[in-house]
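Enquirer: Sharing a structure below in structure tokens format, with a few things to ask.
We did not get these values from a lab; they are worked out from the coordinates using the rules stated. Bear in mind the structure is a predicted one, so any value in this text is a computation, not a measurement. Cβ sites come from the backbone with ideal geometry, for glycine too, and all protein chains shown count toward neighbours.
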Amino acid sequence: MRSSVPPFAELLRACRHSAVHLEQRDQYAVTDEAADYDRWCATGERDTDPASPYWSPWVDLVRDAVARGVVVRRARIVSEPVSEYIRYEHAGTDVNVHAGEEVRWLPRRRAADLALPGADYWLLDGRLVRWGFFSGDGHLTGHEVTDDPAAVELCGRAFETVWSRAVPHDEYKIN
């Protein structure tokens, strides 16, 4: 593992083929989305404008990657009934799709028999894992990267299994 982690945008800009992201938490407390999440909790309204200051950096980054031929996929393992935070994520996911991501949702009960890594991650070009570590209450505590073949293989296999079981975003309904 390397302790010096390049910014995610730099890693995605270096991708040539694939970028897959596995999210496994029911609650995140990421600082840059706090205001939008608070608004969602108070009003039920979510920023879904791909050109907004909140979304445009991400949309531009993903669009650039997809234009280069990078397939960007995101899978979310979620408990049901879903948390308020997952409702918030679901309400904004159309922007991810608009940017060029493919997104799927897997109910946690359908993942119970899977061997999964213990942290969220991005797997880039099937060769580099960028781990994301969070505290119990969802605050980001750091990242690490590794190109260890065993970690890469575990993450690739886990993601593909989750992906094959998961429901495409446009079919996943939250009650």
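Enquirer: In whole Å, what is the distance between the alpha-carbon centres of region 1-67 and region 125-142?
Expert: 13 Å
Enquirer: Calculated from DSSP H runs of 4 or more alone, at -39500 (n - 2.57) each and per residue, what is the 222 nm mean residue ellipticity of the chain, nearest 500?
Expert: Mean residue ellipticity, 222 nm, calculated: -11000 deg cm²/dmol.
Enquirer: Between Ala115 and Trp58, how many nm apart are label points set 7 Å from Cα along the C-beta direction?
Expert: Output for this residue pair reads 3.2 nm.
Enquirer: Fully extended, how many nm does the chain gain between Arg87 and Arg16 (0.36 nm per residue separation, minus their Cα-Cα distance)?
Expert: 22.3 nm
Enquirer: Run through region 74-175 and list the trypsin sites (Lys or Arg not before Pro) located in a DSSP loop whose Cβ has at most 11 other Cβ atoms within 10 Å.
Expert: Here the trypsin sites (Lys or Arg not before Pro) that fit, given the DSSP loop and packing criteria, are Lys173.
Enquirer: Peptides 63-71, 18-26, 40-48, 90-98: what's the order by average Cβ count within 10 Å, highest mean first?
Expert: Output ranking for 63-71, 18-26, 40-48, 90-98: 18-26, 90-98, 63-71, 40-48.
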